[in-house]
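Since the structure comes first, as structure tokens, the remarks are kept for the end.
The values are calculated or read from the model by the stated rules, or taken from the named source; none is laboratory data. Just so it is clear, the structure is predicted and the values come from calculations on it, not from any experiment. All Cβ positions, glycine included, derive from the backbone under ideal geometry; neighbour counts span all protein chains shown. Please note that ligands, DNA and RNA were not included when accessible areas were found on the heavy atoms of the full protein model with its side chains. Shrake-Rupley method; radii C 1.70, N 1.55, O 1.52, S 1.80 Å.
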Amino acid sequence: MPLISRPAPVKLPVPKRSWYARLEPPQLIALVYFVGILLATAALHLPGVLRDGAEMTSVDLLFTATSALTITGLVVADTGETFTRYGQYILMLLFELGGLGILSFGTLFAFVTGRRVNFSERQHLQAQISGLDTGTVVQLLRTIFAYAIGLQLIGALLLALRFVPQFGLGEGLFQAVFHAVSAFNNAGFVVVPGGMGQYVTDPLVSLTISGLVILGALGFIVQFNVVNWLQQPRQHRLTVYSLLTLVTTAALLVVGFLTVLLLESNNQATLQPLPWHGKLLASFFRA
């Protein structure tokens, strides 16, 4: 019987993956922030960013751009006196981008550049965010942005109740928005003339800023988990991560508040001149 020869299977050429496609998520995120810091530094070098007479070296601008994008809160010069309104808008944009978080920022970068998020990455995102169905991750990221912007708008409206009567409509609204964004993203930048010390006894400003700082620091994972638990406690339980975060945050706030209050109440240079409610507000704000 003659042997029937079968044609050898045709091997299709394997498409070469680009260097970008071969990056792991941590490498991608590091690349995003590296490029972001370079672009932010270049933006701060643009004409009209610094006020007349303000001196900032390239290293100073690099430091400021890095601090703003990574929401570190460190500055080398007074922000309000050094940067023009145009420069302050750039810094506010950097706070927002940095505050959205490594998770959201890296994922958005992947979508913008055309890289698809595969199923395993969706599972990782699911575990990190809220344990919802893996098909809703992209939808959930949009919810994160809407939620973050919504909280900052509420904070800005509350701050505007104080800043608009003090500075006028235009300047007051800018001050309210800038400090709401700075507080929620834990950026720590201040541009209000005279600094925040003038509001030490003002519960509206102190508690609004403190609330935004706490909400921004807790993160979306914990807040979404708490909201789901409050709405449907039988179906959604608080995760171990959420419980640890809430208990630790509360403990640190209470211990910090009591420590500052007890140690500084009789200090003439800090809390002693303030009325009792001012001492409480200042201690809580510091904590």
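Values as computed for the structure displayed
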| item | result |
| --- | --- |
| Some residue of region 231-245 being touching a His at 6+ places or on another chain (Cβ under 9 Å), part of a helix (DSSP H, G or I) and open to solvent by less than 50 Å² (accessible area, probe 1.4 Å) | no |
| Odd one out for Gly168, checked against (1) loosely packed, with under 15 Cβ neighbours inside 10 Å; (2) within 18 Å of Ile221 (Cβ to Cβ); (3) modelled with pLDDT of 80 or more | (2) |
| In region 54-66, the residues that are free of Cβ contacts under 8 Å to residues at least 12 places away in the same chain and either under 20 Å from Gly99 (Cα atoms) or assigned to a helix (DSSP H, G or I) (or both) | Val59 |
| Residue under evaluation Leu158, criteria (1) surrounded by fewer than 15 Cβ atoms within 10 Å (Cβ to Cβ); (2) at pLDDT 90 or above, criterion not met | (1) |
| Selection count, region 254-266, where residues are surrounded by 11 or more Cβ atoms within 10 Å (Cβ to Cβ) and either of a type outside the set (A, V, I, L, M) or in contact with a Lys or Arg (Cβ under 6 Å, 6 or more places away or on another chain) (or both) | 6 |
| Among the candidates Ala183, Ala251, Ala176, Ala187, residue that is without any contact (Cβ under 8 Å) to a residue 24 or more places away in the chain, crowded, with 16+ Cβ neighbours inside 10 Å and under 26 Å from Leu74 (Cα atoms) | Ala176 |
| Some residue of region 219-229 being within 30 Å of Ala160 (Cβ to Cβ) and of a type outside the set (A, V, I, L, M, F, W, C) | yes |
| Matching residues, region 77-86, being open to solvent by less than 50 Å² (accessible area, probe 1.4 Å) and assigned to a helix (DSSP H, G or I) | Thr79, Gly80, Thr82 |
| Residue check, Gln198 at pLDDT below 85 and over 25 Å from Ala65 (Cβ atoms) | no |
| Matching entry among Phe285, Phe224 (being under 20 Å from the mean Cα position of the chain (by Cα), open to solvent by 50 Å² or more (accessible area, probe 1.4 Å) and either modelled with pLDDT under 90 or among the hydrophobic types (A, V, I, L, M, F, W, C) (or both)) | Phe285 |
| Test: residue in region 41-52 that is of a type in the set (Ser, Thr, Tyr) and open to solvent by 50 Å² or more (accessible area, probe 1.4 Å) | no |
| Failed criterion for Val191 (all others in (1) in a helix (DSSP H, G or I); (2) more than 25 Å from Val247 (Cα to Cα); (3) touching a Gly at 6+ places or on another chain (Cβ under 7 Å) hold) | (1) |
| Leu74 outside any helix (DSSP H, G or I) and either under 23 Å from the mean Cα position of the chain (by Cα) or within 18 Å of Phe95 (Cβ to Cβ) (or both) | yes |
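Residue by residue, here is whether (1) modelled with pLDDT of 90 or more; (2) over 27 Å from Val213 (Cβ atoms); (3) among the β-branched types (Val, Ile, Thr) holds:
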site	(1), (2), (3)
Leu28	no, yes, no
Val32	no, no, yes
Val35	no, yes, yes
Ala40	yes, no, no
Ala65	yes, no, no
Ile71	no, no, yes
Val75	no, no, yes
